[in-house]
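Just so it is clear, none of the values below were taken in a lab; they were calculated from the coordinates. The model shown is predicted, which means the values in this text are computed figures rather than measured ones. Neighbour counts run over all protein chains shown; Cβ positions are idealised from the backbone, glycine included.
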Amino acid sequence: MDQNSSAAPESAAKKKKHLPLIITLAAVVIVLAALYIFRHGIINLLTKPTLEPDANEVVHSTVKDTSESEPPETEPDTHTEDVYNLLICGHDRVADNTDVNLLISFNTTKMTASVMQIPRDVNATFAPYTDGYIRPIVNGIFGICKDADSSDEYIQRRMDKYERGSDLRGIAGFAAYLERNLCVKIHYFGVMDLSQFANIVDALGGVEMDVPYDLKYDDGDQNLHIDVKQGRQILDGATAEQIVRFRSGYANADLGRGNVQKMFMASLVKTVQGKTNIFNAGKIAKVCGIIADNLVTNMTTSDLIYFANNAMTLDMRYVTFMTMPIGGYFDEAKGTWYSCLNKEGTLKYINNYFNVYKNPVAPEEFDSNGVFYLDSYWYWGPSANITEYIYTGAEMTEEGFKPVVGY
C-alpha cells in the first residue's frame with residue numbers, strides 16, 4: 001500500500017516534467033502545418049508588398065505628341081502592376097566589393113522571373129559624384145556609395161535615408177545608380193555576406209548539380225584549392241563554393257564563371273523547392289535563419305515571406321537566366337582586359353525582361369550620362385556581335401547541359 005501511494009506522486013511528477021516538452025512539440029506541429037498550408041495555397045494570408053512612396057518615382061519617360069511648332073514633351077510612363085524588380089548582391093566584408101550582382105524581375109501574376117547577372121568587372125564611372133571622377137568597376141560601386149556623396153539629387157536622396165557607412169546606404173546608392181543610368185526601376189534591394197554561402201548549402205543538406213566540366217585550380221597566395229570533377233553530384237558547401245569561385249580555366253574568366261554560376265543558382269532554387277515541405281521544415285528554417293542574420297535589405301519580413309512563398313511555386317521553365325551583354329578589348333601595353341557594357345544589347349535586355357513600364361526605354365534615355373561608356377567599339381557596337389547567354393532554369397538543370405563559357 002505504501003509502495004502504491006508513493007508511486008502516484010512520482011508518476012505525476014514525471015507527467016509534469018514532460019509537459020513543457022509536449023507543449024513545445026505541439027507548437028512545432030502547428031507551425032509545420034501552417035507552413036504546409038501556406039506553401040500549398042490552402043489559405044492565403046500573405047499580403048502583397050507595400051512599396052515605399054519613392055519606389056513609385058519613375059526613372060523613365062515617354063515622348064508625348066505635340067504640335068509641330070512646339071518641342072516634344074515628356075511625361076512619366078505608366079507602371080505595370082504586380083511586377084517587382086530587385087537588386088540582390090553578395091559582398092566580401094573585408095573589401096566591400098559586390099562580386100555577385102543580380103537584377104531580378106518577378107511577375108507575380110504571370111508567375112515568371114528573369115535574373116540578369118551584372119559582371120563584376122564591367123567598367124563604370126562615378127560622375128557626377130562630389131568627390132570627383134572615379135572609374136572603378138561595377139563591384140566597387142556599393143563600397144563607394146557607403147561613404148561618398150553624389151551631386152545627383154535622386155541618388156543622394158536615397159542614400160541619405162540610411163546611416164553613412166552602413167551596408168544599407170551602400171546598396172541603396174548602388175540601386176539608385178543603376179536606376180538612373182540603366183533606366184530600370186528597382187523596388188527592393190539587399191546585400192548579403194558571402195562568407196555564409198557554404199553554410200546555407202550545408203544547411204540544405206547539399207545541392208544536386210550536374211557539373212559541366214572538370215574544375216582544377218590552385219592558388220597558394222589565397223589558400224584557394226579547387227578540384228571538382230565533372231558529373232552529377234550532391235555538392236556540399238565547400239565544393240559549391242569552389243564551383244562559384246572558379247574562373248581561371250574559362251576563355252573569358254568572368255563570363256565563363258557567370259554561366260556556371262547560373263547553373264548553380266538554377267540547381268539551388270530547384271533544391272529549395274524540392275525540400276520545401278513539412279518534413280524538411282527544420283532545414284528550411286535553418287537556411288532562413290542564416291539568411292536573416294546576414295542579409296541587409298529594405299524589404300520587410302512580410303515582403304520577404306511574400307516573395308519566398310511565390311518563388312517556391314515558380315516553374316523553372318519560366319525562370320530565365322542571362323548575363324548582361326558586354327564586350328571588351330585587351331590592352332597589350334598594360335596587359336589588361338577591359339570589359340564594358342554593350343549599350344544596344346543591354347538596352348534590349350532591359351526592355352524585354354526588366355522594364356516595368358508600358359512603353360520601352362528609348363536609346364537616348366539609356367545611360368544618358370555615359371557612366372558605362374568605355375572608349376571602345378564594344379560599347380556602341382551592334383548587339384549582333386555580342387554572344388547572348390540566355391537559358392531557362394529548366395535547361396540549366398537538365399542532365400548533360402553544358403553552357404558556353406567564353407568567347
Once you charge only the Cβ atoms, +1 for Lys and Arg and -1 for Asp and Glu, what is the size of the charge dipole of region 271-393 about its Cα centre, to the nearest 20 debye?
640
Can you put ASP167, ASP331 in order, fewest other beta carbons within 10 Å first?
ASP331, ASP167
I need the shape label for region 328-407. Rule: rounded when a/c is under 1.5, else prolate if a/b > b/c, else oblate, with a, b, c from the alpha carbon gyration tensor.
oblate
Calculate the dipole size of region 300-349 relative to its Cα centre from +1 charges on Lys and Arg beta carbons and -1 charges on Asp and Glu beta carbons; express the result in debye to the nearest 20.
80
Under the definition of Cα pairs under 8 Å and six or more residues apart, what whole-number percent is the relative contact order of region 302-407?
37
The simple spin-label model distance between ASP193 and GLU81, using points 7 Å out along Cα→Cβ, in nm, is 4.1
Can you pull out the GluC sites (Glu not before Pro) in region 148-243 whose DSSP state is coil and whose Cβ has at most 14 other Cβ atoms within 10 Å?
GLU163
Fewest-first sequence of THR297, THR50 by Cβ atoms within 10 Å of each Cβ:
THR50, THR297
Is there a pair in LYS48/LYS348; LYS110/LYS343; LYS185/LYS358; LYS110/LYS358; LYS216/LYS262 whose C-alpha atoms are over 24 Å apart, and which pairs would that be?
LYS48/LYS348; LYS110/LYS343
Given the candidates ILE350, GLY282, TYR329, the one whose Cα lies deepest towards the positive end of the charge dipole of region 282-407, counting +1 at each Lys or Arg C-beta and -1 at each Asp or Glu C-beta, is GLY282
